[in-house]
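Single-structure report; data block below.
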Amino acid sequence: MIRPLITADRTELKTILGKIAQFGSEDVSIAMELIDITIDKIEQDDYTIFVLEEEAKVSGYYCIGLRPLTDGVYDLYWIVIDPDVQGKGLGSSLLEHAENFVKDNNGRWLLAETSSKKIYSPTRAFYIKKGFNIVSEIKDFYRKGEDLLVFGKYY
């Protein structure tokens, strides 16, 4: 079941984020900041979070938002699956839900940014498998030798 974020999800999401090998403490902090904004500022519409629940347990989530100054370009800020349940197609389910969210809101583009670091190879392969293309690449963006890759899908 994929549903909107509720306050009670916060602790489980923080635990899941802490299990992700690619994420350092700064990544977890930023992800939690967006979760907290979504929970604490109900009136905001910059971020929308949907949670994946499997057998009454939170197994992942995604965070999406309309890119400022656009009328149909959405950013997929985070898509996260608990490593304990990866490989079951749950990430695909979340991404499909995100794509439908974009389409249901008259979106044209869904963009997802990631790093060129080797540890993100599975992430890049996931987006390519799902029909996304690299629409932008900025060399040495995060640090020397670590590029920013922007994947996009047009609807």
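The values are calculated or read from the model by the stated rules, or taken from the named source; none is laboratory data. Quick caveat: nothing in here was measured; it's all calculated off a predicted structure. Positions of Cβ are backbone-derived with ideal geometry, glycine not excepted, and every protein chain shown enters the neighbour counts.
Overview of values
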{"read-out": "Out of ILE79, ILE39, sole residue that is under 28 Å from SER121 (Cβ atoms) and aliphatic (A, V, I, L, M)", "value": "ILE79"}
{"read-out": "Test: VAL85 is touching a strand residue (DSSP E or B) at 6+ places or on another chain (Cβ under 9 Å), surrounded by 14 or more Cβ atoms within 10 Å (Cβ to Cβ) and either touching a residue at least 40 places away in the same chain (Cβ under 8 Å) or more than 25 Å from GLU99 (Cβ to Cβ) (or both)", "value": "no"}
{"read-out": "Top-ranked residue of segment 45-67 - restricted to ones that are at pLDDT below 95 and not acidic (Asp, Glu), ranked as surrounded by the most Cβ atoms within 10 Å (Cβ to Cβ)", "value": "LYS57"}
{"read-out": "Residue within segment 99-106 that is out of contact with any Cys (no Cβ under 6 Å at 6 or more places or on another chain), modelled with pLDDT of 95 or more, over 18 Å from SER59 (Cβ atoms) and part of a strand (DSSP E or B) present", "value": "no"}
